[in-house]
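Everything below concerns the one structure shown next.
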Amino acid sequence: MHTIKEIVKGNKAILTHVCEGIVYYEISVNGSIYQLEIDSTTDEWKATYLKPHFEAITLMRWIRKGIDDGTFIKIN
C-alpha cells in the first residue's frame, strides 16, 4: 500500500457508485487503484455535497479513517 502522502498528493477521487448510503470513490495512484467507502448517512455528511470527483487530499480525513478501519482497500 502507498503512504497517505502518496495517495493524496495530486490524485483525484472519482465517484463510482452509491449503494445503501455508502458512497464509493476510486483513487488511482501510480497504476494502483484504491477504493474509499464513505457512509453518507452520518451527521457530518448530511449537509455535504457529493461531487463526481474530489481532489484526494480533500478526502484525506476519510482515507485515514478507512486505512484504520480496513474500508480503504487496494482493488488493483
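The numbers here are math on the coordinates, done by the rules we state, and not lab data. It should be emphasised that the depicted structure is a prediction, and the values quoted were computed from it without experimental measurement. Cβ sites come from the backbone with ideal geometry, for glycine too, and all protein chains shown count toward neighbours.
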## Note on the structure
The number of residues in the stretch 34-53 that are in contact with a Gly (Cβ under 7 Å, 6 or more places away or on another chain) and of a type outside the set (Gly, Ala, Ser) is 4
### Message
Name the residue that is farthest from the chain's Cα centre (by Cα), counting only residues in the stretch 35-69 that are over 17 Å from Lys9 (Cα atoms) and among the aliphatic types (A, V, I, L, M).
### Response
Ala47
### Query
Here are some residues: Ile33, Ile38. Which one is surrounded by 15 or more Cβ atoms within 10 Å (Cβ to Cβ) and at negative phi?
Ile38
### Query
Given the conditions (1) of a type in the set (Gly, Ala, Ser); (2) within 18 Å of Asp69 (Cβ to Cβ); (3) surrounded by 14 or more Cβ atoms within 10 Å (Cβ to Cβ), and given that Gly21 satisfies all but one, which numbered condition is not satisfied?
(3)
